[in-house]
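First the structure, in the form of structure tokens, and then the observations on it.
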Amino acid sequence: SAGLIDYKDPFLIKWIQTQTAEQTELDSKQPQTGGQAAQVAQQTRRQALSARGWVSKSVSRTELDRNLQTPAVTLRQRKGDSLDHAFLLAAVLRSLKIPARIAIGFQAEPSTVRPTCQLHFWVEYFDSSQWVPIDSTIDSELVPSDRFKITESSFASINAYEPILGVTRLFT
């Protein structure tokens, strides 16, 4: 656990246990192919996509605001912006022993008048060979190309706004 990404919160742990109990049965029926490294990557991907689905179904998306919520608060309120979603998903992945970090960037919003970009957050998990992007604010396994990453953070600092401010200063 680090800062706002507290994956050891008892409320969060209990919720994850209820989710994983259902998933364990499904995972046991999945065929294993390839070598050991490929199997680890497949298992990690299945777990990460399951976690994305749990968060996506459980938490509605709100507009980005200046409030920072812990994963447990987001889960209790059943709503949060892209940063709250990212904190919760990263906490779930870390509790499943999958390394995870928050990607900080922008989401392009095309317009016929004037295209704009909005600050956006998503998660990257490590599948034993590479960092893979995943976003619980959308109904897709793939992170669309309208998002572009500026940096990533584990949000370990006491000042949680520190990594965000560096990015926003680029686009004044």
Taking first residues from the range 109-135 that are among the small types (G, A, S) and second residues anywhere that are open to solvent by 20 Å² or more (accessible area, probe 1.4 Å), the pairs with Cβ under 6 Å that are 6 or more apart or on different chains are S128/V40; S128/A41
So, V132, is that one assigned to a strand (DSSP E or B), at pLDDT 85 or above and in contact with a Ser or Thr (Cβ under 8 Å, 6 or more places away or on another chain) or not? no
Flagged in the range 123-153 as over 22 Å from K79 (Cα atoms), within 15 Å of the chain's Cα centre (by Cα) and of a type in the set (S, T, Y), in numbering order, are Y125, T151, S153
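Quick check on my filter: what residues within the range 96-126 are in a loop (DSSP other than H, G, I, E, B) and either touching a Lys or Arg at 6+ places or on another chain (Cβ under 6 Å) or open to solvent by 30 Å² or more (accessible area, probe 1.4 Å) (or both)?
L96, K97, P99, P110, S111, T112, V113, R114, P115
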If we ask which residues in the range 91-129 are small (G, A, S), closer than 15 Å to R46 by Cα and in contact with an Asp or Glu (Cβ under 8 Å, 6 or more places away or on another chain), their number turns out to be 1
Restricting attention to the range 65-81, the residues that are open to solvent by 60 Å² or more (accessible area, probe 1.4 Å) and either acidic (D, E) or more than 17 Å from K14 (Cα to Cα) (or both) number exactly 4
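The values are calculated or read from the model by the stated rules, or taken from the named source; none is laboratory data. Keep in mind that this is a model prediction, so the values were computed, not measured. We place every Cβ from the backbone using ideal geometry, glycine too, and count neighbours over all the protein chains shown. The accessibility values were calculated without ligands, DNA or RNA, using every heavy atom of the protein model including side chains. Shrake-Rupley method; radii C 1.70, N 1.55, O 1.52, S 1.80 Å.
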